[in-house]
Structure formats: C-alpha cells, structure tokens
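For reference, the structure discussed in these notes is given below.
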C-alpha cells in the first residue's frame, strides 16, 4: 500500500510541480504588468493626475476689488465708493430657513414678491452657499438686524463697498455702473476673469470706457472642498488689486453751475480749454440719479426714464445730433475767405428772402437786413448773406472746412455712445442717399440746416479751434498719466512776448502745431465778427453780454429748424413760443471768453428752446462767469500737479 | 532562517511548534496587518472610529486564530475538509433564507457578534475540499469522467449560490480558486480548453442575465470617460488618487482624494488606492513586495511539505491569494472592471480577513507539520 502510494505521490508531485512552475511564470508576468501600470500612473503621468486632484479639491471664490475712483480736476470725488450694508444668509447654518425669512420680513423691508424670488433662488443653490438677501440695507435696518442677531441664526450682516455718486450733475459724462448682464459677458472679454457675484460694471460714459482699468484685479478665497462640494477649509486668500483712480478734466463746481443753468430745460453745455482741449464741463439735461442703478434700477423708475420726452438717459453733449444752425456761419465765412471766394467787403442786400431757380429762401428776419458786409452778416446772423456766400463757395469746400474743424467725426474716444454727426457733401449724398446734390441744398447747408448734423461737443471744439487762433487741439476728458506738453499755450505765450514773429513759421517749426488756416487774418476776422455779435448793439446775443472786460465773451447764436414754417405762419410772424413744443427750433449758442486773450470755449444747446439769443445765450452767460472765476484756481492746480510730477 | 530544517520528527510541544513556524511569512503577514491598521486609520480621516477600531481588533483576533490554526495538525484539516466544505455549502443555503440583506444583495448571516459572509470563507473552503479530493484519488483517475464530476459539482454549486446572492466578484473568485486546484492536480489541458470554449459560447447568454449595474460596470471599464459622473467615476477618481501620489506619495493622512471623499469605497475595495496616494510609488512597490513575499513563502512551504494535500493546498492557496491581490490591484489601477474584490488583509471586512487568516493558518500548519505523512 505504501509503495502504491509512494509511486502515486511521486507522479502527482511531478505534475503539480510542473504546473506550479507554469503558474509562477504567469504570475511573474502579471506582477510586471501591475508594476508597469503603477509606474506609468505614479511616475510618468504623476503631474497630470496631481493637477486633476487639485482641480477636484480646490474651489476659488473671487472677491470683488474696490472700484477705482473718478475725480474731477481738483481731486474732488465724483464717483466714489461708499460703505454699504448687506444681509447674507447661509441656509445650512439656520435651523429653519422659512422661519428665518418670515422673521427677517418683520425686521427689514422685504416685499412678498422679493421673498418668493429669494426662496426660489435658495432652492436652486446648494445649502451651504450664501444668498444675498439684501445688498443695500439702510443704517436703521442694519442696526435692527444686529440687535436681533441672536435670534437670526444663519443671517450674516455684512459691510461692503459699492459705487456712490455724489451728485447728478456729471451723470452723463461719468455714466453709471450696474450688474453684469449676459450681453456684457459675451461682448466684453476682460469680464471673463471678473465674473463675481455682486460686481457692478460701467455701462455708460467714463465708467464704461475706463471700466477695465477701474475694475482692478479680483482677489480670491481658495477653499478646499470635499466630493460633495462643501467647503472644508480656507487655504489661501488674496485681496486683489484696487482699481485705478482717474482724474478727469472736469470741474465739479462748473458742472453744478451748468446743471443749474440748464434746470427745467432739455439741453447740453460743453466747456473746453481752447489751448489744451481739456473739457472743463460737460453737462446734459435733464439728468438722472446714477446711484439708482448701482443696486439695480426698479422697473417703474426705468420706465419713467426711458419714456421721458426729454430723454434723460441720453448724453446730449456727445450723442445728441442737431443741425448746427447759424453757428456754422462762422465756418461758412471762414471757408469762403480761406478759399478766396469772397472778401469781407462783399456786400449783399437782404430783402428778407432770396430766390434761386424758382425756389424762395427766407431770412429769419422777414423785413430783411438791407445791404450788409460779412462782419455785419455774422453779427446779425443774416441768412440771405450766407445763402449768397454758400452759393459761391459750394458745398464741398464748406464741408472740407467743417471737417477740418472737427465736425462729422467723434471728438473723444471715451464715449462709446458718442455720435459722429454728418457733414454733407456731394459725394456723401451720392453714397448715402444715392442722389445728386443740388444747389438749393448748398444754400441750406450754408446756414447749418439740411443734412448737417452735429453734437454740442463738436461745436465746442469748433469754437475752441477758432478762438485759439486756428490751431488743431486734441480734446481730452481724462487726465493722462503722461505729462502733456502744452505747446499751443507755450506758443501763445511766446507770441505775446515777441509780437513781431511770423506766426505760421513758428507754429510749424518750433511748436509742432497743426494750423487749420491758410491765413490767420481770416480767423481773426471771424473772431472779431463774433465779438460784434455779442458786444455791439444789434448783435444777436447783445442782450446776454457782460460789460465787465473780465467776463466779456464773443459768441454766435444759432437755431436749428425742426419744421419749416408754412407760408401762413411766416406771414403771421408766428413766435416760436406759440407753436407746439416738439416743433420749436433747437437753440444754440457757441462762444469763447474772455474776448481779450481768450481761454475757454463753450457750446450750449437748448432743445426746442426757440432762438439761440433768448434760450441758449443766457445759459452760456451764467456758465462763462463761473468758468472765468475758476480760471486762476485751475491754473494753480495745473501748475501744482506739474511741479509734483517733475 | 529562524528555524532549523534538521528536525525530522513530528513536533508536539508548543515550544517546538513555535520553533517550526515560517517567520518570514509570519512577519510579512504581521507587517501587512500593521500597515492595514494605519491605512484604515487614514481611511477614517485620521481617527479611531468604528471602522478603524474594529479592523484593528479583528486583525489581532484573527492573527491569534492564524497561530491557533497553524498549531493544529495538518492531518486534522485534511480529515475535516469535506465537513468544512459541506458546512459552508449549508451556510450559503442558509444565507438564501436567513441572510441579511444590504444594498440589494443577500450575502451575510447575522452571528450577533458580526455579520458573517460565508461566500468569503468559501474561497478557502473550495481549495481545502479539492486539495483533499485530489489527495485521495490516484493520479490515474484524475482525468476520468467520473472523477471529474465531483469537482465540477463542488465548484458549480457554491458558484451558483454566490452568483445569485448576487455577488459576481466573489463567485468568480471561488470558481477561479477551484479551477486552479483542479488544474494543478493534473486535469488535462484539453478539458480546460473545452471549458473555455463552452464559457465563450455561454457568455452572451450569461451576460443577458447580468444585472444592469454589472453590465454598466463592464461597459464603463471599457471606456471610463463615457460617464465620468456615473459608473466611470470610481475608476477615474481612483486613477487620479494613485497618479497624484507620485513617487513618494502625499504623506500619511494627507491623501486629499481620500480625505475629501472623492475616493469611493475607500475602506474596502479601494484601500490600496488610499495607501498608494499617501505613500506613492515606493510605498506601493513595498506593498507589492510584501504580497509577493507572502505568495513566495507559501510556495516554498508547498515545495517542502510532503503530503499531496499540503502541496495542492499551498499552491492552490498561494495562487488564489495572488489572484485576489492581482484582481484588486488591477481593478483600482483601471486594468480590470470594478468587480468588488477586496484586497486580502488590507481591506475592511471581517469575513474576508477571517478567510485569509484561516487559510494562511492552514499553510502555516503545513509548515509546522511538513514531515507528517497523511494517510
């Protein structure tokens, strides 16, 4: 039995041993495979998986940086940041969210509708996410919440900052901020890293154009989260970078005076330094409260603003398009003189109308001005005289001069809402309307009617460039960081000291100026005519003059026709105030001051104001006084800044 | 070696028995056990909670059991293997009627102290039974049809019982354990070839009986990125955890994937992932080395033991042990579909640990009584 067993055992052992060897070989292969896989994951692809693991575990909450401040020229804050009081809740840390909300409703002002929306919002979010119940509590609400905080578990009173505008006078120039809309996200690339809840971005004006730099760079809170997304601990924190502060060229006190002067009318005022192009004031009326947009404007208020006849949301200074009216006569005259078409001694008889190819063109003065020369024609704003000048000049030459002086193109780069306007010529008409120009249109264009469209800022620039002796200036509203070499001012100073030098040569070679004239005498002639219009009896704005030399200004009125008078109206000598408001002419006034040694140019538009002399010139008069009064302070400020920088 | 190989007589005194233990194997197991306690501690988020505590206690208890089993004469285990096997079959049947149900499957019997999972024990039971069976029959009978019938029945009955619990992973492991012993015993290649063909033929039908979650697991394995938040989640997160461990690991208790709950089943099937994330490639290599040492020592014991039962059992167990380890690791490394196979000793689970320590105890018994002839 043993022997049988032993032979059996031997054969079995042999088989088992052989097969076990084979198995061990297979095992070795498997071990190598597992090792290889382990090495490939942990050594070759380690970096890839580490980043995946970090992506799993870290979540970042961005923190909104404080927005940059906008100051006026003197460092007064126009748009600043204010402390605001907010209420946040975290559903996770409250025993009963519904009870909490009901309790909150009794403490702060929460409408049923808002409550309903909040509940929906909370239901959509994770229970540990924060929901903003109110982002702008009043101080009394905030202190009441703090008083009852012990019974409001889960509610967090938070102090934060938000945009604040000190008054409404610069609402259009500065613009306003509001919540980011889906459209903003699509169109503004820089918003992609700053998509933070509660961040407001600039929507119009400087707030919009300087938005990217004023936003600053966001900080972050980095949390470690678990697989369910719950925050485990805070890993890192970064406060971000405060947005850049910008100084503008605006003067807050002039803004206030201009706003006051435009009270109760719809219109715009622009004031510009004629040498360096600084925009001293830019006001559009009626204005709005930009603060009401910061926390979301309510529907009724928005409706009121958008449906208002006077369009308070429109920045009329840069986006309002109006025919320039008689203010263009300065350029019509200049263009004719520069092109040697007429001389100032051209005399034309105004009978109140003129006929051309069977069409009758009326002067604003029905009785006519009689025989007058160019100076008187500008002074009295005679239409018939300029019909004749325009007829001889031709539209294309007039258009060229108008474009040279800044019409038909945007003046600033800071306003996306700015309009370029229209300077019509034969080519333009053929392209835009597809018809040939005819001579009657030239006549209308010569007095700033017809196809001509301009903005108040354009006419302000035009006046400034006439007033400074005919040199091109580059207007600005934001004070650049780079020190600006004011060569035109230097040139003017130099000329005062050396009255005998040849202006043009100096201009070209020493001061790198761009003259807009061929003969500066022509510019001086127009300036003198404008002086006459304001300061000599019979001038269109004689009624609004200053006798004090310090404030004395020279200006040109204008009125842009909305609707042509019918023959009956003309016959009856209908007054503007007698026709429907929306059919009344827009009133213009452009001027520079002081007459002797001019420094500032102003343009005033009053929508449906009737006539420039009665509606626009008085506004300009008030503003000019303030501008001149502020001149010394402004110069001092400029010098101080300059010495600081050097 | 700590013991002498010269002793030819059967040891009887406890002192002698200690003398005959394979200390390389013993210390490998002990080291693995200690590592497992640390791993479970880390898996519980760095505290001794219910899981880590009971795992530590179990390891201590079962390590004593392991020693106790190894001091019982190998002849006893040979004689009682049929009885053990039949008891386990009865337990599996009992599970069908009195089993504790959890997560859609009925796998456990409530023993008041803990829930016993007989299918885990069956992994050892089938090896024990088949070793005994092939020990008894003569080498000439191995390939006779009549003698093939018993092993086939012995494998299919527990396989079907476990499969219908349902527990596909364990059922496959039981079947594999059985097949290994059968094959080692000398059953012809041809028969395995036929069986493989049969399995391929039956596979489509079998797949139609699979539960939806089992099907999705296989599909997910083939392309884990197809459903990254659903069924593929486990594989992806496991690979991220292991890969991010790098060469040196993130350090003990610093495995972010595990700590922040990105890792599923981190106490049980994915414990190696956790370990690998915290100890990196070097730590993982060391663990593979430990498992290799254990398998290797078992084979050495099989080589030196004289009885066929002992040889078949040791070889069978070492291979099965290797398969469990290989399947679990391949699974967490994304080389195999997720089938629910624990990693021996390291994974949390009383029955699995009991089965492994019991099985290792019998191996050690082979070593202690290696010169004993079995009738």
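Read the figures in this text as sums done on the coordinates, not as results from a lab. Since the model is a prediction, treat every value here as computed from it, not as a measurement. So basically every Cβ, Gly included, is an ideal-geometry build from the backbone, and we count neighbours across all protein chains shown.
Structure summary
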| item | result |
| --- | --- |
| Rg/Rh ratio calculated on Cα atoms of segment B:279-375 (Kirkwood radius) | 1.03 |
| Stretchable slack from residue B:57 to residue B:38, in nm (0.36 nm times residue separation minus alpha-carbon distance) | 5.6 nm |
| Rounded if a/c under 1.5, otherwise prolate or oblate - chain A, Cα gyration tensor axes | prolate |
| Sites residue A:59 and residue A:640, calculated FRET efficiency, Cβ-Cβ separation with R0 56 Å, nearest 0.05 | 0.70 |
| Taking all pairs of distinct alpha-carbon atoms in segment A:548-623, Kirkwood radius in angstrom | 13.3 Å |
| Whole-angstrom gap from segment A:401-458 to segment A:166-208, using each part's C-alpha centre | 31 Å |
| All Cα pairs of segment B:119-187, percent lying beyond 15 Å | 47 percent |
| Three-way shape call for segment A:370-439 based on the alpha-carbon gyration tensor, with the a/c threshold at 1.5 | oblate |
| Relative exposure of A:158, A:97, A:328, judged by other C-beta atoms within 10 Å (fewest first) | A:158, A:97, A:328 |
| Length gained when the stretch residue A:8-residue A:417 is fully extended (0.36 nm per residue, less Cα-Cα span) | 136.9 nm |
| Between 0 and 90°, nearest 10: helix A:112-124 axis offset from chain A longest Cα axis | 40 degrees |
| Average projection area in nm² (convex hull over Cα atoms of segment A:238-315, one quarter of hull surface) | 7.7 nm² |
| Highest-MSF residue in chain B out of B:122, B:293, B:357 [GNM, Cα springs under 10 Å] | B:293 |
| Residue-averaged 222 nm ellipticity for the protein assembly as shown, from DSSP H runs of 4+ at -39500 (n - 2.57), nearest 500 | -16000 deg cm²/dmol |
| Residues A:364, A:588 arranged by fewest to most Cβ contacts within 10 Å | A:364, A:588 |
| DSSP beta bridge pairing in segment A:60-247, given as percent antiparallel to the nearest 5 | 95 percent |
| Global geometry of segment B:14-368, whether rounded, prolate or oblate, following the gyration tensor of its Cα atoms and the 1.5 cut on a/c | oblate |
| Segment B:156-208 and segment B:284-358: distance between their alpha carbon centers, rounded to Å | 19 Å |
| Label-to-label distance, nm, for residues given as residue A:150 and residue A:244 (7 Å Cα→Cβ offset) | 5.2 nm |
| Exposure proxy ranking, count of Cβ atoms within 10 Å, fewest first, for B:366, B:60 | B:60, B:366 |
| For chain B, built as a Gaussian network whose Cα springs stay under 10 Å, the top-fluctuating residue of B:265, B:278, B:120 | B:265 |
| Residue A:549-residue A:366 FRET efficiency (beta carbon distance; Förster radius 51 Å; 0.05 resolution) | 0.90 |
| Label-point separation, residue B:98 to residue B:190 (7 Å along Cα→Cβ), nm | 4.7 nm |
| DSSP-defined beta bridges in the protein assembly as shown - what % are antiparallel, rounded to 5 | 95 percent |
| Computed FRET value (nearest 0.05) for residue A:633 with residue A:113, which takes r as the C-beta separation and R₀ as 56 Å | 0.65 |
| Distance between segment A:557-618 and segment A:78-135 - C-alpha centres, whole angstrom | 53 Å |
| Evaluated over segment A:60-247, the Cα radius of gyration and Dmax, each in Å | 18.2, 55 |
| Inter-probe distance in nm under a simple model that places probes 7 Å from Cα toward Cβ, at residue B:79 and residue B:164 | 3.5 nm |
| Helix A:329-338 axis, angle to chain A major axis (alpha carbon atoms, nearest 10°) | 70 degrees |
| Helix A:395-404 axis, angle to chain A major axis (alpha carbon atoms, nearest 10°) | 60 degrees |
